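Shown next, in structure tokens, is the structure this report addresses.
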Amino acid sequence: MKPVIALTKGRLEKQFIQFLEERNYDVNPLLDKGRKLQVETEDFFAIFAKGNDVATYVEYGIADLGVVGEDILLEIQPDVFDLLPFPFGKCRFAIAGVPSNLTPLRKQRIATKYPNITTKYFRDQGKSIDIVKLEGSVELAPLLGLADDIVDIVETGNTLKENGLVVKEEMLTISARLIANRNSLKLKRDILTPLIDSFRAGEAII
Ligand SMILES: Nc1ncnc2c1ncn2[C@@H]1O[C@H](COP(=O)(O)OP(=O)(O)OP(=O)(O)O)[C@@H](O)[C@H]1O
Ligand SMILES: O=P(O)(O)OC[C@H]1O[C@H](OP(=O)(O)OP(=O)(O)O)[C@H](O)[C@@H]1O
């Protein structure tokens with residue numbers, strides 16, 4: 001029996017495949033998958049999903065393990081075991097906006113894909129804000145007057161720079177994480193341990 005791993009489609013999938021390649025795993029089935037959403041390799045079955053759904057598949061035990069951004073774990077708090085950080089998917093959360101805008105007299109309006117992380121961050125500082133939930137291209141919001149500032153992921157800073165925005169406050173740094181279904185960890189320990197241990201070797205270079 002092989003473990004089932006749920007992978008976040010897109011940039012994390014690519015970085016995870018590179019991570020596997022560096023550890024001499026057979027990655028050809030993953031590279032050649034085309035539009036298939038389930039693939040079998042020599043070592044595991046992989047399923048490909050959006051980040052939020054990766055957490056759901058792992059929580060429900062459909063997948064034993066998952067590769068997911070820490071942002072998803074912080075935002076939706078799925079009932080999964082957070083096993084270890086990967087040395088990729090590294091970025092940070094920041095408050096950003098137009099350089100010169102003043103703090104408004106009314107409640108500050110923040111646009112974000114991450115309402116829970118944002119609310120908690122401001123609440124911890126004793127600030128009450130209004131949230132505008134967006135699904136992407138969050139940088140548009142302060143430029144078009146939808147919000148005063150944004151809370152979003154920053155990696156290179158290019159998206160902010162090319163849109164004339166600046167970081168106003170650094171919040172926290174994150175990376176991709178290996179998560180596990182709680183029952184799988186107990187019941188499938190023998191098949192999961194070798195895989196987890198080989199991934200754990202990556203921690204040393206974080
Ligand atoms: N610019 C970035 N640099 C590094 N990691 C990032 C960056 N943006 C997002 N991530 C991480 O990669 C994960 C997947 O992001 P990605 O943008 O591929 O998917 P998404 O957020 O669901 O967006 P989309 O709707 O475009 O697929 C995020 O959950 C986050 O952990
Ligand atoms: O600092 P940078 O290297 O420019 O990366 C940051 C950008 O990457 C993410 O967006 P993504 O590409 O996932 O698109 P999205 O806006 O649709 O979420 C994030 O939301 C920022 O917009």
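The values are calculated or read from the model by the stated rules, or taken from the named source; none is laboratory data. What you see is a predicted model, and the numbers here were worked out from it, not measured in a lab. We place every Cβ from the backbone using ideal geometry, glycine too, and count neighbours over all the protein chains shown.
Numbers below:
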item	result
Residue in the range 131-150 that is surrounded by the most Cβ atoms within 10 Å (Cβ to Cβ), counting only those that are near ligand 2 (Cβ under 10 Å from one of its atoms) and of a type in the set (Val, Ile, Thr)	ILE150
Residue in the range 10-17 that is over 24 Å from GLN77 (Cα atoms) and small (Gly, Ala, Ser) present	no
All positions within the range 87-110 that are free of Cβ contacts under 8 Å to residues at least 40 places away in the same chain and closer than 17 Å to GLY164 by Cα	SER100, LEU102
Leading residue by the ranking (nearest to ARG182 (Cα to Cα)) among those in the range 30-70 that are within 12 Å of ligand 1 (Cβ to nearest atom) and part of a strand (DSSP E or B)	GLY66
Whichever residue in the range 114-163 is among the hydroxyl-bearing types (Ser, Thr, Tyr) and in a loop (DSSP other than H, G, I, E, B) and, among such residues, is farthest from ARG92 (Cα to Cα)	SER128
Qualifying residue in the range 121-132 (condition: within 16 Å of ligand 1 (Cβ to nearest atom), among the charged types (D, E, K, R) and outside the structural domain of SER184 (by TED's automatic domain parsing))	no
Residue ID - surrounded by the most Cβ atoms within 10 Å (Cβ to Cβ), chosen from residues in the range 167-197 that are within 26 Å of THR156 (Cα to Cα) and among the charged types (D, E, K, R)	ARG177
Condition broken by LYS50, with the remaining ones in (1) at pLDDT 95 or above; (2) basic (Lys, Arg); (3) within 16 Å of PRO194 (Cα to Cα) satisfied	(3)
Odd one out for GLU155 among (1) at pLDDT 95 or above; (2) surrounded by 17 or more Cβ atoms within 10 Å (Cβ to Cβ)	(2)
Inter-residue pairs, beta-carbon under 6 Å, first over 11 Å from PRO99 (Cβ atoms) and in the range 157-172, second modelled with pLDDT of 95 or more and within 14 Å of ligand 1 (Cβ to nearest atom), 6+ apart	THR159/GLU139; ASN163/GLU139; GLU170/ALA94; MET171/PHE93; MET171/ALA94; LEU172/PHE93
Residue satisfying condition, being closer than 30 Å to PRO3 by Cβ and among the aliphatic types (A, V, I, L, M), within set ILE153, ILE110, ILE129, ILE95	ILE153
Looking only at the range 1-29, and only at residues there that are more than 18 Å from the chain's Cα centre (by Cα) and of a type in the set (A, V, I, L, M, F, W, C), the one that is nearest to ligand 1 (Cβ to nearest atom)	LEU20
